[in-house]
Each structure stands twice: as C-alpha cells, then as structure tokens.
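Q: For reference, the structure I am asking about is given below.
The values are calculated or read from the model by the stated rules, or taken from the named source; none is laboratory data. Computed from a prediction, not measured in an experiment: that's the story for all the values here. Note that each Cβ is placed from the backbone with ideal geometry, even for glycine, and that neighbours are counted across all protein chains shown. SASA here: full protein model, heavy atoms, side chains in, ligands and nucleic acids out. Shrake-Rupley method; radii C 1.70, N 1.55, O 1.52, S 1.80 Å.
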Amino acid sequence: MQIVDAGHFAPAADGTADYAQHLTVPTLSVGTYSIPAGAVDDQVPHAEDEVYVVMSGRGSVTAGGRTVQVGPGAALFVPAREDHRFHDVTEDLAVLVFVAPAYS
C-alpha cells in the first residue's frame, strides 16, 4: 500500500497552477493539481483518460464543448485527447487527479 500525502495540495511558489504526481503504476497514476484563484490552467489534451475530484475551491471547467461550475465534491471524467481546462477560478482549487493508464 502507498499513501498519498494530502500535504501536497499547494500551488507552486510563484503562484501558478502546479501538478504533483504521487503514485505511478503501469495502469494508473494519481496526483494533485493546485490552481490558485485567478491563475491560468494551460494544460493541453493528454493521451490518457482522467478523473478529477475537486477537494476544495471553486471555478469552472470546459471540456468537450461544455462548461460547468465546480466546487468541493465535484467529480469529472475527461476522456483521452479531449481539450479541457479549468478557468474562472474564484477560490484556490485543490484537485485530486486519477490518470489511466499512468501519465507519461
């Protein structure tokens, strides 16, 4: 068993969005994504499926041509290669990210 340390939910020192990977096995990786209020999420589509679980904060996500507001408890599935991004972050977001197969 491995434990993911929740202490990693923190934006980068320069106040930008930050992804930290905590667990990687061939079929799955788990990380935390921290996006400060007002920051830009500049991610590009990935070759892997992703599940995002918002642990804290508020903002919006656009994926697959649809925009939704998210807050604590929101869970989102984004299939591989789908353009997606968080935006209009009004409260610092802390997001748990599950990626399958493992993020490369």
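Q: Which whole-number percent is the relative contact order of the chain (Cα, under 8 Å, 6+ apart)? Don't jump to the answer; show the numbers that get you there.
A: On the way: 267 pairs, mean separation 35.1, N = 104.
Once normalised by length, the contact order is 34 percent.
Q: Return the long-range amide H neighbours of Leu23 (sequence gap of 5 or more, or a different chain), with a cut-off of under 5 Å between placed amide H atoms.
A: Val30
Q: Magnitude of the Cβ-charge dipole of the chain, K/R +1 and D/E -1, about the Cα centre, nearest 20 debye? All intermediate terms of the calculation are to be shown ahead of the outcome.
A: Numbers: 4 positive and 13 negative charges, 45 e Å.
Once rounded to the nearest 20, the dipole reads 220 debye.
Q: For a quick check: with amide H placed at 1.01 Å from N, whose amide H comes under 5 Å from Val40's, ignoring anything fewer than 5 positions away on the same chain?
A: Residues meeting the amide H criterion: Ala17.
Q: Let me cross-check Thr67: its accessible surface, 1.4 Å probe, with only protein heavy atoms counted, in Å² to the nearest 10?
A: The accessible area comes out at roughly 80 Å².
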